[in-house]
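K.L.:
I'd like to ask you about the structure that follows.
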Amino acid sequence: MGWERTSTDDLQRLLVSAEEERSRLAAVQLEFLEELDRRQVHTGDGCRTLGEWVGLVLDTTLEDARGLVRLMRRTADRPDLRGALSDGVSFRRVEALSRIPEDLGLGLDWDVAGLFREAARKARLTAAEEERSVDDRFLVLQPSLDDSSWRLWGGVDAYAGEVIDKTLTELADQLPEVPGEKRLLSAGWKKATALVELCMGAEAPQVDVSVFVTAREAAETDGEAGVVLESGVKVGRRALEAVLCGDTATQVYGITEHGEYMRYGRRHRLATKSQTKALFHKYGGRCGADGCNSRHRLQAHHLRPWSQGGETNLEDMILLCWFHHHVVVHQWGYEIYRHPDHGRIRFRKPTTRGP
């Protein structure tokens, strides 16, 4: 368009101005969407959700369409954020602010990435939402049209993703250099190779996952807010309980009101080697859940949670396989009880959750 004679400063101002105009148009879109949502327009076009309908009408990705719908609903009772968008504040900044329940103004003390991290820390994650993220796990392996390769994609919950990422990164870093070649191998290629190596029998490295708990926010919400992983991804109460109970090398950092960090080890929570051996003998080297004969990754578990006063002794502990321990108890939230007739271990869906 012949911008050669335009100064760099002027081009920068034009770029910012165009982005501000895009924000103002987005604010208008939110107004339209609110009315269209009230009319339930998507049902008339055979779409399951408003997000799906928006994706079709605007010719955009389902992810972007859902983001627009979410922002419309989050800002429905936040006129300050709608006004900020109309004034040209960036769409992503307003989106991040909409995830934080309290008024931070425009949050100019943070860049947009910092705002999203703050939103992850403050947003509440209920036990039902945690359970849904576990239930929604999936992995798809699809051969190419000529059957010469495979494509893999999927999704997991936040804590599982952190463990997988750290494990594959650790294995990838241990891969040797390609003999006689100087080419630079991408991180993605190394992780894919590490995954193949792990599936072919390589021993998974012990990874260290760090969990940061902002004490006041976690206490006020029973752990539904204020708990994030090292990567900034938020987790909820069940993930925190699993961390405190499991045998993964996990460090928990408590953050005080004044921003001081206190690290809590797990020296006094875990069963000793002699206690674990006794549990193996007691349960015949099998999972203690009624009807389960698994010998895979057996772990000692407190019948009464350690965080609720359970003691690390043989009477208060049971041997569970990885699935019953991490998935059934900590991710699905089932409670353990002894059947009144025969005393064997059973599981039931909880009616309430303790702090």
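Read-outs throughout are calculated quantities, based only on the coordinates presented, and are distinct from any laboratory measurement. Keep in mind the model is a prediction, meaning the values are calculated, not measured. Every residue, glycine among them, receives a Cβ derived from its backbone with ideal geometry; neighbour counts consider all protein chains shown.
K.L.:
Using Cα positions and a limit of under 23 Å, work out the lysines in reach of LYS282, with same-chain residues fewer than 8 apart set aside.
P.N.:
Output for LYS282: LYS273.
K.L.:
Give the cross-link partners of LYS234 among the lysines, using a straight C-alpha distance below 19 Å as the criterion and excluding same-chain residues fewer than 8 apart.
P.N.:
LYS122, LYS166
K.L.:
Name the residue, out of HIS302, HIS330, HIS258, whose mean-square fluctuation peaks in a Gaussian network model built on the chain with Cα pairs under 10 Å.
P.N.:
HIS258
K.L.:
Before anything else, pin down the relative contact order of the stretch 8-114: Cα pairs under 8 Å, at least 6 apart, normalised by residue count, whole percent.
P.N.:
After rounding, I find 30 percent.
K.L.:
Oh, and also: What list do you get for SER294, SER149, SER133, SER86 if you sort them by fewest beta carbons within 10 Å? Show your work: numbers first, answer last.
P.N.:
Details: SER294 14, SER149 9, SER133 22, SER86 18.
If I rank by nearby Cβ atoms, fewest first, I get SER149, SER294, SER86, SER133.
K.L.:
Where the only charges are on Cβ atoms (+1 Lys, Arg; -1 Asp, Glu), what is the dipole of the chain about its Cα centre, to the nearest 20 debye?
P.N.:
Details: 49 positive and 56 negative charges, 326 e Å.
The calculated dipole for the chain is roughly 1560 debye.
K.L.:
Let me ask something else about it. So which GluC sites (Glu not before Pro) in the stretch 1-54 end up in coil per DSSP with only 16 or fewer other C-beta atoms within 10 Å?
P.N.:
GLU4
K.L.:
Moving to a separate point now. Treat each spin label as a single point 7 Å out from the Cα along the C-beta direction, and report the ARG137 to GLU197 distance in nm.
P.N.:
Spacing of the two 7 Å Cα→Cβ label points: 2.4 nm.
K.L.:
Where the only charges are on Cβ atoms (+1 Lys, Arg; -1 Asp, Glu), what is the dipole of the stretch 11-140 about its Cα centre, to the nearest 20 debye? Write down the numbers at each step before the final one.
P.N.:
Details: 21 positive and 26 negative charges, 22 e Å.
About 100 debye.
K.L.:
Show that you can apply the helix-only estimate: for the chain, add -39,500 (n - 2.57) for every DSSP H stretch of four or more residues, divide by all residues, and state [θ] at 222 nm to the nearest 500. Before the final figure, lay out the partial values.
P.N.:
Details: 13 runs with 147 residues, N = 355.
Value at 222 nm, helices only: -12500 deg cm²/dmol.
K.L.:
What list of ³J(HN,Hα) values in whole Hz, one per residue of the stretch 196-206 in order, does the Karplus curve 6.51 cos²θ - 1.76 cosθ + 1.60 (θ = phi - 60°) give from phi, with Gly and Pro shown as x?
P.N.:
Running phi through 6.51 cos²θ - 1.76 cosθ + 1.60 with θ = phi - 60° gives 4, 4, 5, 5, 8, x, 5, 6, 5, x, 7 Hz.
K.L.:
Of ARG238, ARG93, ARG338, which has the largest mean-square fluctuation in a 10 Å C-alpha GNM of the chain?
P.N.:
Result: ARG338 has the largest fluctuation of those listed.
K.L.:
Hey, in the GNM for the chain with a 10 angstrom Cα cutoff, which one of LEU68, LEU104, LEU30 fluctuates hardest?
P.N.:
LEU104
K.L.:
Have a look at HIS342, HIS302, GLY291 and report the one farthest towards the positive end of the charge dipole of the stretch 273-348, computed about the Cα centre with Cβ charges (Lys/Arg +1, Asp/Glu -1).
P.N.:
GLY291
K.L.:
Which whole-number percentage describes the relative contact order of the stretch 273-348, with Cα contacts under 8 Å and a sequence gap of 6 or more?
P.N.:
Numbers: 103 pairs, mean separation 21.0, N = 76.
Computed value for the stretch 273-348: 28 percent relative contact order.
K.L.:
For Cα Rg over 2.2 N^0.38 Å, one of [x] 1.23; [y] 1.11; [z] 1.17 was computed from the structure I shared and the rest are decoys. Which label?
P.N.:
Checked against the structure: label [x].
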